[in-house]
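Below is one structure, written out as C-alpha cells; the observations come after it.
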Amino acid sequence: MSRMTVTIDDELVDQAKEALGAQTRAATIRLALEEAVRRRRLAETLEQLGQLELRGGVAELRRLREEG
C-alpha cells in the first residue's frame, strides 16, 4: 500500500461517502476504487456474454459439475 497526497473535491468525497455508506474518507476512496474495478470487470464479462458455446443439455452440465 502506498501513501500519496492528492487534491480532491471535498463535496464530491462527501457525496461518495454517503452513497457508499463509508465511515471515513479513506474508506470512501477505497470503496470507490473497488467499485470502479468491479464495474470494469462486469463490463468485460458482459462483452464476453454470448461468445461461449455450450454443448449438451442440463444433464450434461450436471454430470460435468459432479465430475469436477
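The values are calculated or read from the model by the stated rules, or taken from the named source; none is laboratory data. Small disclaimer: the values here were computed from a predicted structure and weren't measured. Here Cβ is always computed from backbone atoms with ideal geometry, including for glycine, and neighbour counts include all displayed protein chains. Keep in mind that these areas ignore ligands, DNA and RNA; they rest on the heavy atoms of the full protein, side chains included. Shrake-Rupley method; radii C 1.70, N 1.55, O 1.52, S 1.80 Å.
Between the helical axis of 10-20 and the longest alpha-carbon principal axis of the chain there is an angle of about 40 degrees. Taking other residues whose beta carbon is less than 15 angstrom from the beta carbon of Val6, and scoring Lys, Arg as +1 and Asp, Glu as -1, yields +1. Share of carbon and sulfur in the accessible area of the chain stands at 54%, probe radius 1.4 Å.
Dividing the radius of gyration of the alpha carbons in the chain by their Kirkwood radius gives 1.29 for Rg/Rh.
Take each peptide in 34-47, 12-25, count the other Cβ atoms within 10 Å of every residue, and average; sorted highest first, the result is 12-25, 34-47. Taking all protein chains into account, the per residue accessible area for the range 1-40 stands at 94 Å² (1.4 Å probe).
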